[in-house]
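Novice: Shown below is the structure under consideration.
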Amino acid sequence: MKIDKMNTTPAFRGPLTAALAFLDTNATANATLIDLGAMVAPRTYIDTKKRNKYAGAETFFREFTGTLIVCLSSGLFAMGFARAANKLIDPKTNINPKSWFTDDAVSTLKKAWSKGENTKDFVSNVLNNLSGQDGAAISKLKNTKEISEKFTKYIDWNFGRKEAKLTAKEIEDQITNDLRVNRSVNVNIDGAKLNTSVENLIRDMRDMGKDIFNNKNINIENAFKKIAKVNKIKTLGALGIASVLGLTNQYINRKITEKRTGKTGFVGEVGYNSKNNKSGKDTSLKFKAEKGLVSAGIAALALAVMRVKNPKDFIKKLEFAGPVTSGNAIKTVYTATLIGRFLASDNKQELGETAFRDYFGFLNWLVLGGFAAKGAANLMDPHKKELFNIHKEGKGVKHWLNDISVKSHKEAAAKGIPMWKINTAHIAGLAYSTLMLGVVLTRLNVYFSRRKYKKEQEAAVQPARAMTFTALPKAFKEFAK
């Protein structure tokens, strides 16, 4: 079954723009690319060349498995938990396990349906209360009639998979063209608030309208109670398992290295392969306390970056809004993985290098990478009239990091902004993260390790030289100096 096409945002031209637009809206793909390109490849190469083959092997295992755990595992676990929970919890109430409603989506869309009598009213209630940040102004839809008619048919009619996908894209493009906002929109209905993307809003409205509101074989209240329970199990179960994998990952890695080399201690130390290397595992209480402090510090930093207010707020921020891992889920599993690395450290040098690399890695990846993209955009748009969305007025670094964002590719296309400008900003962010995460931090750790080794060697030589000079005849002492 087909419906007429409407005017949509022009398709992105060129593979570079299409790829950057995809990365800009997909947290999992973006994180995976940065992990593979900025961490796995350069870090493995540098540690193999500048340290030793065992260090390179450990780095590859740490970074590659870290990518799988941090970027991919929790999303896959969430899908599995959703299917299992749907079968076990209230089996008579059959909900779609492939739906991704958050608690905010449920409360807001439920209220939108209750204020009308049919799908058309439901769609109108949402679109009339839809808004987004366009530059420094709040934008609302101007022409809802055409979108509403198409959207109603999209929910009520039966489409093939391909046709449904194309129709959803047309509706998304039409809303984006009109609203000029895509990545972050708000729906506010009588105090019920939902912040989401246009793509996820369209998906949730169709799933909820088709599978719940218009489903005569389901009790609506029971369905929503079940969804709430499934969501909790899905979130806590998936992130719990992924976090445990992160915590134990480096411990397993260290055991593999010990098995291969027959030695404990930090594999990245200068002279690790030497027979004279006596560095081993520090089991002192003081060192354990140091590992605990470093671990507590990264956990506090992660909570600050996520702006968590309390435990309930933390759980809410971890909700899955789609089959790909969300930004806060990535931060949570990544933090658990870093803590696992700190706790698996064998001695002070390893803990120091790990803390230096991963604290700065966390900041550069999850905070300053966006800072670099904003900086590049600011050079092209110093008055912030074209490339930015300004969510509230303010000054300083905190305002720059939290209240200002670079427009997405779809938002830029809707406003007729040249794609090369948005591309330049996003490339700058990716390049900065790659350079800092993959090259600079790794080389600095190698430099610090070599400097430490050099100082230790000099300290060991000085007493020996003094003893040798003392034993020399008096006439030769000055010459020996």
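Novice: Considering the range 333-348 alone, what residues qualify as being buried (at least 21 other Cβ atoms within 10 Å of the Cβ) and either in a helix (DSSP H, G or I) or hydrophobic (A, V, I, L, M, F, W, C) (or both)?
Specialist: Scanning the range 333-348 gives V333, Y334, T335, A336, T337, L338, I339, G340, R341, F342, A344.
Novice: Kindly provide the set of residues from the range 372-424 that are among the β-branched types (V, I, T) and over 24 Å from the mean Cα position of the chain (by Cα), ordered by number.
Specialist: The answer is I417, and nothing else.
Novice: Quick check: is even one residue across the range 161-184 touching a strand residue (DSSP E or B) at 6+ places or on another chain (Cβ under 8 Å) and surrounded by fewer than 19 Cβ atoms within 10 Å (Cβ to Cβ)?
Specialist: Yes, because at least one residue in the range 161-184 is touching a strand residue (DSSP E or B) at 6+ places or on another chain (Cβ under 8 Å) and surrounded by fewer than 19 Cβ atoms within 10 Å (Cβ to Cβ).
Novice: Please indicate, with yes or no, whether at least one residue in the range 132-146 is within 23 Å of K225 (Cα to Cα), hydrophobic (A, V, I, L, M, F, W, C), in contact (Cβ under 8 Å) with a residue 40 or more places away in the chain and outside the structural domain of K259 (by TED's automatic domain parsing).
Specialist: Checked the range 132-146: no residue is within 23 Å of K225 (Cα to Cα), hydrophobic (A, V, I, L, M, F, W, C), in contact (Cβ under 8 Å) with a residue 40 or more places away in the chain and outside the structural domain of K259 (by TED's automatic domain parsing).
Novice: Now for a different question. Taking into account only those residues within the range 182-191 that are at pLDDT below 95 and within 27 Å of the chain's Cα centre (by Cα), which is farthest from A412 (Cα to Cα)?
Specialist: Checking each candidate, the answer is S184.
Novice: Against the definition (under 28 Å from N273 (Cα atoms) and at pLDDT below 90), how does A19 come out, yes or no?
Specialist: no
Novice: Does N378 fit the bill of being part of a helix (DSSP H, G or I), more than 30 Å from G246 (Cβ to Cβ) and polar (S, T, N, Q)?
Specialist: Here the answer is yes, as N378 does meet what is asked.
Novice: Of all residues being among the aromatic types (F, W, Y) and crowded, with 17+ Cβ neighbours inside 10 Å in the range 37-89, which is farthest from V440 (Cα to Cα)? Just the residue, please.
Specialist: Per the criteria, the residue is F81.
Novice: Looking for something among the aliphatic types (A, V, I, L, M) and within 23 Å of the chain's Cα centre (by Cα) - is there at least one such residue anywhere in the range 49-58?
Specialist: Checked against the condition, which is being among the aliphatic types (A, V, I, L, M) and within 23 Å of the chain's Cα centre (by Cα), the range 49-58 yields no hits at all.
Novice: On to the next question. Out of curiosity, is A105 of a type in the set (G, A, S), part of a helix (DSSP H, G or I) and touching a Phe, Trp or Tyr at 6+ places or on another chain (Cβ under 7 Å)?
Specialist: no
Novice: Now a separate question. Those residues that are in a helix (DSSP H, G or I) and farther than 18 Å from R206 by Cβ, I need them from the range 129-149; list them, please.
Specialist: Result: K145, single match.
Novice: Now for a different question. From the list G361, G375, exactly one residue is assigned by TED's automatic domain parsing to the domain that holds G292, within 22 Å of P42 (Cβ to Cβ) and not charged (D, E, K, R). Which is it?
Specialist: Going through G361, G375 in turn, the sole match is G361.
Novice: Tell me, please, whether a residue that is within 23 Å of F159 (Cα to Cα) and free of Cβ contacts under 8 Å to residues at least 24 places away in the same chain can be found in the range 197-207.
Specialist: no
Novice: Specify the residue that is nearest to the chain's Cα centre (by Cα); the eligible residues are those in the range 425-461 that are at pLDDT 85 or above, among the hydroxyl-bearing types (S, T, Y) and crowded, with 17+ Cβ neighbours inside 10 Å.
Specialist: Across the range 425-461, the extreme among qualifying residues is Y432.
Novice: Kindly check whether there is at least one residue in the range 232-247 that is of a type outside the set (D, E) and within 30 Å of S139 (Cα to Cα).
Specialist: Taking every residue of the range 232-247 in turn, none turns out to be of a type outside the set (D, E) and within 30 Å of S139 (Cα to Cα).
Novice: Just to be sure, is V294 modelled with pLDDT of 90 or more and touching a Cys at 6+ places or on another chain (Cβ under 9 Å)?
Specialist: Here the answer is no, as V294 does not meet what is asked.
Novice: What single numbered condition from (1) at pLDDT 90 or above; (2) in a helix (DSSP H, G or I); (3) within 23 Å of the chain's Cα centre (by Cα) fails to hold for G369?
Specialist: G369 satisfies every listed condition except (1).
Novice: Given (1) surrounded by fewer than 20 Cβ atoms within 10 Å (Cβ to Cβ); (2) of a type in the set (S, T, N, Q); (3) within 30 Å of L401 (Cα to Cα), where does S243 come up short, assuming only one miss?
Specialist: If we test S243 against (1) surrounded by fewer than 20 Cβ atoms within 10 Å (Cβ to Cβ); (2) of a type in the set (S, T, N, Q); (3) within 30 Å of L401 (Cα to Cα), just (1) comes out false.
Novice: Does the range 234-247 contain any residue that is free of Cβ contacts under 8 Å to residues at least 24 places away in the same chain, among the charged types (D, E, K, R), within 30 Å of T119 (Cα to Cα) and not in a loop (DSSP other than H, G, I, E, B)?
Specialist: no
Novice: Take the range 318-351 and flag every residue that is in contact with a Phe, Trp or Tyr (Cβ under 9 Å, 6 or more places away or on another chain), within 21 Å of M306 (Cα to Cα) and hydrophobic (A, V, I, L, M, F, W, C).
Specialist: Answer for the range 318-351, where residues must be in contact with a Phe, Trp or Tyr (Cβ under 9 Å, 6 or more places away or on another chain), within 21 Å of M306 (Cα to Cα) and hydrophobic (A, V, I, L, M, F, W, C): F320, A321, A329, L338.
The values are calculated or read from the model by the stated rules, or taken from the named source; none is laboratory data. Model, not experiment: these values are computed from the prediction. Counting neighbours? That spans all protein chains shown, and the Cβs are built from the backbone with ideal geometry, glycine included.
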